[in-house]
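The next block holds one structure in the form of structure tokens; read it before the comments.
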Amino acid sequence: MLRFYNTLTGKKEEFVPMDGKTVRMYSCGPTVYNYAHIGNLRTYVFMDLIRRTLKFEGYKLKGVMNITDVGHLMADSDDGEDKMAVAAREQKLSPWEIAEKYTKVFFEDLKKLNIGVPEIIAKATDHIPEMIKYVQALQDAGFSYETSDGIYFDIAKFPRYGCLSGANLDDQLAGARVEVNDEKHHPADFALWKKADPRHIMQWDSPWGRGYPGWHIECSAMSKKYLGECFDIHSGGVDHIPIHHENEIAQNEAITGKQSVRFWMHGEFMLVDGGKMSKSLGNTYTVSDLEAKGYAPLDFRFFCLNTHYRKKLNFTFEGLSAAKTSRARLMNQLGEHKASNAATTPEKLEAFRASFRNAIEDDMNVPLALGVLFTAIKEPKSKDIYELAKEFDCIFGLDLQKAEAVKAEEESLFVPEEITALCEKRKAAKKDKNYALADELRAEIAAKGYAVTDTPQGYKVNKLN
Ligand code: AMP
Ligand code: ZN
């Protein structure tokens, strides 16, 4: 039985799609004003894991992801400039060129990380009429009001505001900063439509003059268009819970009065060196940055998979290096299984399959599922284990089918430094014709689980089985 943690109820709940077959899922996509950093990408790996889990359970998918190419202001609370406009000015490009440039790289990054692309990709600027219609409907129903700079959602008219984050409106009022816009009735009221001054490049005609949509209305308008008024899953990063997703709920449910999303699922944040990622600290790494430092994109994916999606993940280069070594070992050992003609008993394989399924069905416990794989590869070498790993890879997405045993001369790559040091000592002892010491060292190496043999090309180390 598949269970997902639902932010809305704070519990793990059994998941079955509304129609029993096809899961309708919306995922908040990127704001394409910059390269996606590894934190953003962790959230898309999480989205990918949801998609893979649902397919593993035999469901069909109708996934929608938006591309925000207008309306996301520097602060989520409607302050500051549009992120697209700022990037355009800094890079001396038009906002459309900025969007095109970063959208392209975003999809290249997804591909490198084996992240599946949702069935429908919806660009905000292609859906302006739908958004205007949505805002008009909220206006007509009395859920919003006009100010000199836009149309705002009136949260006082939606008593359930705060249901996702459990935030209390009075607390929000008390904690609110001095408002820039004193025409707002409540500091948490948010813009559905912003009136644009003539210098603003991205603007459209509307019943309220020329302007551009608020960021939150994009997701409501596009999810309704493609998935309807009520759908199965909405995913995003935890930072979106208190503002963006509360606002989506208010917009979605004000008029219909119906619950719009059954499961709200949120991926925890990635930290870097224990702290926040920020441009000023120079720690907002991209996939290309990691590649330039000698890591494969799948090293990063593997690194992400080792921590449950609801736990914070602290990125360090030591951690990524450990992931790289561990993945290389895994591929090597699987390669050895692949090369073997021996078999594993069906009972044993079934037991591994059952443990794997239990882990995945328990709110996507991928670290535990990886543990099952690591236990399986300790079995005597057999092609069945390689085939089993390929089955499991429908969730992991680590290209396990490409596993090859590395050649003997490359095997030193996987020998611990301590053993290499002993081998070097032995080599020096032999050179000095101190054969007694060389033999002692060979015994010490064997005691630590490795066999050293001499070949015309030099010594060779193998792990003792
Ligand atoms: P944005 O492009 O800013 O809208 O963000 C894209 C996605 O990345 C959103 O779902 C965010 O919740 C998520 N995100 C942003 N920063 C991080 C982080 N440090 N760790 C994990 N996810 C993040
Ligand atoms: Zn969104």
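Here are the numbers for the structure shown:
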quantity	calculated
Residue among 301, 310 that alone is of a type in the set (Lys, Arg) and assigned to a helix (DSSP H, G or I)	301
Within the range 261-276, tally of residues that are more than 13 Å from ligand 1 (Cβ to nearest atom) and either without any contact (Cβ under 8 Å) to a residue 40 or more places away in the chain or part of a loop (DSSP other than H, G, I, E, B) (or both)	0
Qualifying residues in the range 240-260 (those that are free of Cβ contacts under 8 Å to residues at least 40 places away in the same chain and among the charged types (D, E, K, R)) - the one surrounded by the most Cβ atoms within 10 Å (Cβ to Cβ)	248
Scan of the range 139-161 for residues that are aromatic (Phe, Trp, Tyr) and not in a loop (DSSP other than H, G, I, E, B), ordered by number	145, 152, 153
Unique match (being in contact with a helix residue (DSSP H, G or I) (Cβ under 9 Å, 6 or more places away or on another chain), within 25 Å of residue 463 (Cβ to Cβ) and loosely packed, with under 14 Cβ neighbours inside 10 Å) among 322, 339	339
Pair list, Cβ under 6 Å, 6 or more apart: the range 25-52 residue closer than 16 Å to residue 98 by Cβ and within 16 Å of ligand 2 (Cβ to nearest atom), other residue assigned to a loop (DSSP other than H, G, I, E, B) and not small (Gly, Ala, Ser)	31/72; 32/69; 36/30
Count - residues of the range 315-352 that are farther than 30 Å from residue 276 by Cβ and touching a residue at least 12 places away in the same chain (Cβ under 8 Å)	20
Test set (1) within 25 Å of residue 393 (Cβ to Cβ); (2) within 16 Å of ligand 2 (Cβ to nearest atom) - residue 67 fails condition number	(1)
Residue in the range 221-237 that is aromatic (Phe, Trp, Tyr), more than 16 Å from ligand 2 (Cβ to nearest atom) and not in a helix (DSSP H, G or I) present	no
All positions within the range 439-465 that are of a type in the set (Val, Ile, Thr) and more than 18 Å from residue 333 (Cα to Cα)	445, 452, 453, 455
Qualifying residue in the range 428-450 (condition: hydroxyl-bearing (Ser, Thr, Tyr) and outside any strand (DSSP E or B))	yes
Of all residues in the range 20-53 being touching a Pro at 6+ places or on another chain (Cβ under 9 Å) and in a loop (DSSP other than H, G, I, E, B), the one that is farthest from residue 69 (Cα to Cα)	36
Out of 246, 229, sole residue that is touching a Cys at 6+ places or on another chain (Cβ under 8 Å) and among the acidic types (Asp, Glu)	246
Qualifying position, being more than 10 Å from ligand 1 (Cβ to nearest atom) and either modelled with pLDDT of 95 or more or under 30 Å from residue 154 (Cβ atoms) (or both), among 279, 258	258
Restricting the range 1-16 to residues that are out of contact with any Phe, Trp or Tyr (no Cβ under 6 Å at 6 or more places or on another chain) and assigned to a loop (DSSP other than H, G, I, E, B), the residue that is nearest to residue 310 (Cα to Cα)	10
Every pair of residues 6+ apart whose Cβ atoms lie under 9 Å, when the first sits in the range 54-68 and is touching a residue at least 24 places away in the same chain (Cβ under 8 Å) and within 16 Å of ligand 1 (Cβ to nearest atom) while the second is hydroxyl-bearing (Ser, Thr, Tyr) and in a loop (DSSP other than H, G, I, E, B)	68/33
Among the residues listed as 305, 373, 330, the single one being in the same structural domain as residue 397 (by TED's automatic domain parsing) and under 18 Å from the mean Cα position of the chain (by Cα)	305
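The values are calculated or read from the model by the stated rules, or taken from the named source; none is laboratory data. What you are looking at is a predicted structure, and each value in this text was computed from that prediction instead of being measured. Backbone-built Cβ (ideal geometry, glycine too); neighbour counts: all protein chains shown.
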